[in-house]
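The values are calculated or read from the model by the stated rules, or taken from the named source; none is laboratory data. Not measured: the values here are computed from a predicted model. All Cβ positions, even for glycine, are placed from backbone atoms using ideal geometry, and neighbour counts span all protein chains on display. With ligands, DNA and RNA removed, areas are computed over all heavy atoms of the protein, side chains included. Shrake-Rupley method; radii C 1.70, N 1.55, O 1.52, S 1.80 Å.
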Amino acid sequence: MIDEPKSSEDYINYIPKRYNCISADDIFIESIVDKLLSVVCYWYSIDNKKNGLAYYGITLISPESCGSICKLIDDSDEYLQLKQILMEAYKAGEFVFHFGI
């Protein structure tokens, strides 16, 4: 996400195909979803701070949380693309969208 999210803007209608998206098999995300409860994210908009991922909706992941998630997931091949995107966003100070499980 190049532009920082704006307060009171709702991101529920964002379309994954318009962005540099990857997909991760549910089994890989489900295996770490409990760990992610310790990470602060935003559900649907920057005004709705929650812990973990919005299971069926859009989660906005802050740059700081991108770094935290990278520390929680291992370096196995199935997480390699995900870690790369999260680290790029962390270093660039950009948010990442998660479009649900």
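Taken together, the residues in region 29-40 that are open to solvent by less than 40 Å² (accessible area, probe 1.4 Å) and at pLDDT below 95 amount to 4.
Would you confirm whether or not region 50-67 contains a residue that is closer than 25 Å to residue 9 by Cα and free of Cβ contacts under 8 Å to residues at least 12 places away in the same chain? Yes, the conditions are met somewhere in region 50-67.
Of everything in region 63-76 that's within 14 Å of residue 31 (Cβ to Cβ) and not in a loop (DSSP other than H, G, I, E, B), which residue is most open to solvent (accessible area, probe 1.4 Å)?
Initial filter on region 63-76 (within 14 Å of residue 31 (Cβ to Cβ)): 69, 72-74, 76.
Filter once more, keeping what is not in a loop (DSSP other than H, G, I, E, B): 69, 72.
Details: 69: 9, 72: 53 Å².
Checking each candidate, the answer is 72.
Applying the selection to region 41-62, what residues are modelled with pLDDT under 95 and surrounded by fewer than 19 Cβ atoms within 10 Å (Cβ to Cβ)? Within region 41-62, 44, 45, 46, 47, 48, 52, 55, 56, 57 qualify.
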